[in-house]
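Heads up, the thing below is written out as structure tokens.
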Amino acid sequence: MATPTDVQWAMVQRILRYLKGTITHGLQLQRSSSLSLAVYSDADWEIDFHFVRDQVAKRALQVRFISTRDQLADVLTKGLSA
């Protein structure tokens, strides 16, 4: 953006501070013959509840609780407010 607002600039600074503080973290990619995919989402995820329920019933999807303490990227799952 050519002319970011103060709120937008504050959001960018927040993200940059987060990235600076987690510079030693990484994404682990490992070779596997499995086609499974692990995805993490915040509790207020916007997804079709009925689709998720059906997938859980078919055992194609597992829903597990992850503590906030264990969510290293938790700040990036939250909306950035003013």
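The values are calculated or read from the model by the stated rules, or taken from the named source; none is laboratory data. Note that the structure is a prediction, hence the values are computed from the model and not measured. Positions of Cβ are backbone-derived with ideal geometry, glycine not excepted, and every protein chain shown enters the neighbour counts.
Things worth noting here:
- Per-region count, region 1-28, residues among the polar types (S, T, N, Q) and touching a residue at least 24 places away in the same chain (Cβ under 8 Å): 1
- Meets criteria (surrounded by fewer than 12 Cβ atoms within 10 Å (Cβ to Cβ), at pLDDT below 85 and either part of a loop (DSSP other than H, G, I, E, B) or aromatic (F, W, Y) (or both)) for L80: no
- Taken as a whole, region 54-70 holds no residue that is at pLDDT below 75 and surrounded by 10 or more Cβ atoms within 10 Å (Cβ to Cβ).
- Scanning region 1-25 for residues that are more than 19 Å from T68 (Cβ to Cβ), at pLDDT 75 or above and in a loop (DSSP other than H, G, I, E, B) yields A2, T3, P4, T5, I23, T24.
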